[in-house]
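Down below is the structure, laid out as structure tokens.
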Amino acid sequence: MTEPRSGGRILVDNLVAQGCDRIFQVPGESFLAVLDALVDAPAIDVVTCRQEGGAAFMACADGALTGRPGVCFVTRGPGATNASIGVHVAMQDSQPMILFIGDVDRGMRDREGFQEVDFVAMFAPLAKLALRIDDARRIPEYVARAFSVAISGRPGPVVIALPEDMLKDVVEAVDRPRVERHPIAPDPDNFAEMLDLLRKAERPVAIVGG
């Protein structure tokens, strides 16, 4: 779809394109454009939670059970900090998830605007990738990249900050197709070494998992 749409509508359309069927969220005025677009997206079940930490944990569980990123939306400041524990758990437990954070308007950045936090800097040590979308035309690119990073290699969390005014911009954007996890074959040298160790072991034990 390329006709003009709001950033919120583009984001929701591209979540649908990536196979997202459930969102966990605590409502906030910073991403009302997304909530408005979700009204017209019956493919996505919106689960409203009481606290952002709980919403993030639900997204962790959804990602662990489905293999596709669990998706969580929270607002800035306390909302994001509450959700950060879920991001940390997703990283520690290799669970694919994407946390979207409603952010201050682009013109208010670096002015200590209402509950402003540099979310890219804050979440960089906690997530596989932390980004901010400043151009609504690039939303499909960022969403596809987030899904790809979250499910590739060792799965984990991706955090994306969404400036409130960017979500209201009406622009043309080209949606991206669904991304899939590529199978990863074991390293042949390491695999041969492991088999050799097992053959030589008198009492071999395999500890699988976290």
> Using alpha-carbon positions, what is the distance between the centroids of the stretch 65-114 and the stretch 10-27, in Å?
Replying inline: 14 Å
>> Order these by the 10 Å Cβ neighbour count, fewest first: MET97, MET166.
In response: MET166, MET97
>> If the elastic network links every pair of Cα atoms under 10 Å, which of VAL71, VAL179, VAL159 fluctuates the most in the Gaussian network model of the chain?
In response: VAL179
> Pulled fully out, how much extra length does the chain show between ASP134 and THR81, if you take 0.36 nm times their separation in residues and subtract their Cα-Cα distance?
Replying inline: 17.0 nm
> Longest exposed-loop-site-free stretch of the chain, with trypsin sites (Lys or Arg not before Pro), DSSP loop and at most 11 other Cβ within 10 Å?
Replying inline: 112-210
> With a 10 Å Cβ neighbour count serving as the proxy for reagent exposure, in which order, fewest first, do SER152, SER84, SER30, SER6 appear?
Replying inline: SER152, SER6, SER84, SER30
>> Place a point 7 Å from Cα of ARG178 in the direction of its Cβ. Which residues in the stretch 53-94 have their backbone N less than 15 Å from it?
In response: 66-70
>> Can you give me the angle between helix 139-151 and the longest principal axis of the chain, using Cα atoms only, in degrees from 0 to 90, rounded to the nearest 10?
In response: 20 degrees
>> Output the 0 to 90 degree angle, nearest 10, between the alpha-carbon long axis of helix 78-92 and the longest principal axis computed from the alpha carbons of the chain.
In response: 20 degrees
>> Rounding to the nearest 10 and keeping the result within 0 to 90°, find how far the Cα-based axis of helix 52-66 lies from the longest principal axis of the chain.
In response: 50 degrees
> Between THR66 and LYS168, what is the label-to-label distance in nm when each label sits 7 Å out along the Cα-to-Cβ direction?
Replying inline: 3.0 nm
> Given springs between every Cα pair under 10 Å in a Gaussian network model of the chain, which of ALA192, ALA127, ALA33 has the largest fluctuation?
Replying inline: ALA192
> Under the rule of -39500 (n - 2.57) per DSSP H run of 4 or more residues, summed and divided by the residues of the chain, what mean residue ellipticity at 222 nm is obtained, to the nearest 500 deg cm²/dmol?
Replying inline: -12000 deg cm²/dmol
>> How much length would be gained if the chain were fully extended between ARG109 and ARG154, taking 0.36 nm per residue of separation minus their Cα-Cα distance, in nm to one decimal?
In response: 12.9 nm
>> Just to verify a number: FRET efficiency for LYS200 and ASP93, C-beta to C-beta distance, R0 = 22 Å, to 0.05?
In response: 0.10
>> Under the rule that an exposed site lies in a DSSP loop and has at most 14 other Cβ atoms within 10 Å, name the longest stretch of the chain with no GluC sites (Glu not before Pro) of that kind, not counting the sites themselves.
In response: 1-111
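Bear in mind that the values in this text are calculations on the coordinates, not laboratory data. What you are looking at is a predicted structure, and each value in this text was computed from that prediction instead of being measured. Note that each Cβ is placed from the backbone with ideal geometry, even for glycine, and that neighbours are counted across all protein chains shown.
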